[in-house]
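The values are calculated or read from the model by the stated rules, or taken from the named source; none is laboratory data. Just so it is clear, the model here is predicted, and its values are computed rather than measured. Backbone-built Cβ (ideal geometry, glycine too); neighbour counts: all protein chains shown.
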Amino acid sequence: MLKKTYILLCMAFLLQLTAFGQVTTNMVHIRGGSYIPLYGRDSSMVEVDDFLMDKLPVTNRQYVDFVKQYPEWQRSKVKGLFADQMYLRNWKNDTLLEDTEHLKSPITYVSWFAASKYCECQGKRLPTVDEWEYVAMADEELADARVKKTYNEKILSWYEAPKTSTYEVGRNPENFWGVKDLHDLVWEWTSDFNSILITGESRKDVDKDSSLFCGSAAVGVTDLMNYAAFMRYAFRGSITARYSIKNLGFRCVQDVPVE
Amino acid sequence: MKTYIIIVAILVLGLVSCKQNNTAVAEATETSNESETISDMSIYNLPSTWTNQNGKDIQLKDLKGDVLVMVMIYTTCKAACPRLVADMRNIEKRLPESTSGKVKMIFVSIDPETDTPERLKVFAQENFMDQEPWTFLRSTEENTREFAAVLAVKYKEISPMDFSHSNIISVFNDAGELVFQQEGLGVNSDATIQNIEKAVSEM
């Protein structure tokens with residue numbers, strides 16, 4: 001009898017795991033560390049704790065399932081406060097993609113609110129800028145490949161390529177951590193994207209981030225490393241949370257459970 | 001039988017995490033149907049809970065019915081915030097008699113860790129703002145980030161005591177819809193005041 005109970009209990013747990021986005025199988029463990037991000041001044045190392053990250057960007061198929069389960073995030077029902085008119089623009093209706101779209105492509109045309117809620121509903125969250133950039137420094141061999149010429153050239157060549165958001169996820173090799181497609185398909189939402197202060201309005205602000213766009217960081221860079229990152233930071237600084245954009249998707253992360 | 005109960009309990013527990021949001025939304029729509037509906041662009045759609053300087057928990061929709069003038073600050077700030085506080089004070093001073101009792105002036109902390117309700121209380125007293133129409137609010141880091149996203153306010157922690165942030169004063173009408181934003185420090189507040197008056201007259 002006891003044995004039976006255990007088996008049933010295990011089954012119940014397993015069921016939950018599958019119901020909540022296969023927590024472990026589709027995520028990889030990122031070992032924390034410290035690094036100097038683009039906007040960092042000489043001494044400002046950023047600390048990143050251990051966390052789990054989705055191996056792949058969230059796909060159209062996964063998002064279709066999400067809006068079926070949470071109808072308040074369907075195109076016709078979403079509140080204007082949480083998403084602009086472009087939200088899920090490439091869908092035929094509330095639950096169907098246009099014929100030209102692929103279920104295995106990354107979801108785009110989603111606002112920050114929608115992306116945050118999606119992750120929350122999987123028991124996850126969006127990565128911070130610091131976490132995202134930390135993982136994105138890696139190429140296939142190194143955790144920090146930013147000094148490599150090929151690393152930067154690859155990213156920049158993608159930034160120039162059109163319509164990459166229609167590719168299917170998983171087409172790129174795993175990076176050092178086992179994460180795919182950080183650079184090649186779509187740009188990705190981060191939880192604190194609105195911590196980047198380089199919009200026009202911020203010129204009137206107490207702007208301590210001036211190193212971000214003053215010559216030293218952007219124009220005068222000695223390698224291309226900062227240029228690719230600069231584009232990402234500039235992009236984040238230029239958007240607001242309601243925006244739903246053609247080449248902007250997301251993936252989720254999760255804190256490592258405390259044992 | 002017991003076994004089944006346990007299993008069901010586990011499954012239910014597992015579901016709670018996100019279902020909560022569903023029920024929250026359902027409740028929100030129910031209550032709104034009772035009174036007036038909350039419009040699409042209203043900040044009263046945000047379900048977050050905030051604590052004021054008196055330690056009282058409120059939801060944004062509890063503020064419904066008045067015109068709101070809101071700004072995000074942190075109390076340990078030495079540079080811009082005193083000027084933002086001064087800007088808010090000047091706006092309040094210049095509001096005509098007709099708006100009295102219909103406008104709430106609200107400070108929202110971007111540093112919830114430091115700005116405890118007690119800390120906010122002290123700050124309010126120091127600035128002679130511990131009474132109507134002034135309110136000081138703080139919430140979790142997540143809710144604060146979300147609220148900033150709604151206001152298109154940007155902020156970043158530079159060090160534990162220092163943030164860089166946008167200086168934006170936002171005006172919401174009595175339905176909780178954003179009607180005007182004043183950007184910058186020590187700027188002319190004429191347009192802000194006009195918009196507050198207009199929002200009050202449309203109540």
| task | Look at B:VAL153 and say whether it is of a type outside the set (Phe, Trp, Tyr), under 16 Å from the mean Cα position of the chain (by Cα) and within 14 Å of another protein chain (Cβ to nearest Cβ). | result | yes
| Given (1) within 14 Å of chain B (Cβ to nearest Cβ); (2) at pLDDT below 85; (3) not in a helix (DSSP H, G or I), number of the condition A:GLU201 does not satisfy | (3)
| Which one of B:ASP130, B:ASP174, B:ASP162 is farther than 18 Å from B:THR49 by Cα and touching a Gly at 6+ places or on another chain (Cβ under 8 Å)? | B:ASP174
| request: Looking for whichever is of a type in the set (Val, Ile, Thr) and touching a Leu at 6+ places or on another chain (Cβ under 8 Å) here; the options are A:THR100, A:THR128, A:THR150, A:THR164. Which one fits? | output: A:THR164
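Rundown of residues vs (1) part of a loop (DSSP other than H, G, I, E, B); (2) of a type in the set (Val, Ile, Thr); (3) modelled with pLDDT of 90 or more; (4) closer than 23 Å to A:HIS29 by Cα, yes/no style:
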site: A:THR150; (1), (2), (3), (4): no, yes, no, no
site: A:ASN172; (1), (2), (3), (4): yes, no, yes, yes
site: A:ASP207; (1), (2), (3), (4): yes, no, no, no
site: A:ALA218; (1), (2), (3), (4): yes, no, no, no
site: A:ASN226; (1), (2), (3), (4): no, no, no, no
site: A:SER244; (1), (2), (3), (4): yes, no, yes, no
| query | What's the number of the condition B:GLU141 fails, among (1) within 14 Å of chain A (Cβ to nearest Cβ); (2) more than 24 Å from B:ASN188 (Cα to Cα); (3) of a type in the set (D, E, K, R); (4) surrounded by 17 or more Cβ atoms within 10 Å (Cβ to Cβ)? | reply | (4)
| request: Can you confirm whether the stretch A:126-142 contains a residue that is at pLDDT 95 or above, within 15 Å of A:SER244 (Cβ to Cβ) and not in a loop (DSSP other than H, G, I, E, B)? | output: no
| field | Matching residues, the stretch B:154-181, being without any contact (Cβ under 8 Å) to a residue 60 or more places away in the chain and in contact with a strand residue (DSSP E or B) (Cβ under 6 Å, 6 or more places away or on another chain) | value | B:LYS156, B:GLU157, B:ILE158, B:SER164, B:VAL179, B:PHE180, B:GLN181
| note | Picking from B:THR23, B:THR37, B:THR49, the residue that is loosely packed, with under 15 Cβ neighbours inside 10 Å and at pLDDT 85 or above would be B:THR49
| request: Return a yes/no flag: does the stretch A:54-69 have any residue that is touching a Cys at 6+ places or on another chain (Cβ under 8 Å), over 30 Å from B:ALA175 (Cβ atoms) and of a type in the set (A, V, I, L, M). | output: yes
| query | Consider B:ASP87 against the criteria (1) more than 14 Å from B:SER170 (Cα to Cα); (2) within 14 Å of another protein chain (Cβ to nearest Cβ): it satisfies all of them except one. Which criterion is unmet? | reply | (1)
| message | Restricting to the stretch B:160-198, give me the number of residues that are assigned to a strand (DSSP E or B), more than 9 Å from chain A (Cβ to nearest Cβ) and hydroxyl-bearing (Ser, Thr, Tyr). | response | 1
| message | Residues that are over 19 Å from B:MET41 (Cβ atoms) and surrounded by 16 or more Cβ atoms within 10 Å (Cβ to Cβ): does the stretch B:166-179 have at least one? | response | yes
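Residues checked against (1) assigned by TED's automatic domain parsing to the domain that holds B:LYS61; (2) in a helix (DSSP H, G or I); (3) surrounded by fewer than 17 Cβ atoms within 10 Å (Cβ to Cβ):
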site	(1), (2), (3)
B:ASP87	yes, yes, no
B:LYS93	yes, yes, yes
B:ASP111	yes, no, no
B:THR114	yes, no, yes
B:ARG119	yes, yes, no
B:GLN131	yes, no, yes
B:THR135	yes, no, no
B:GLU146	yes, yes, no
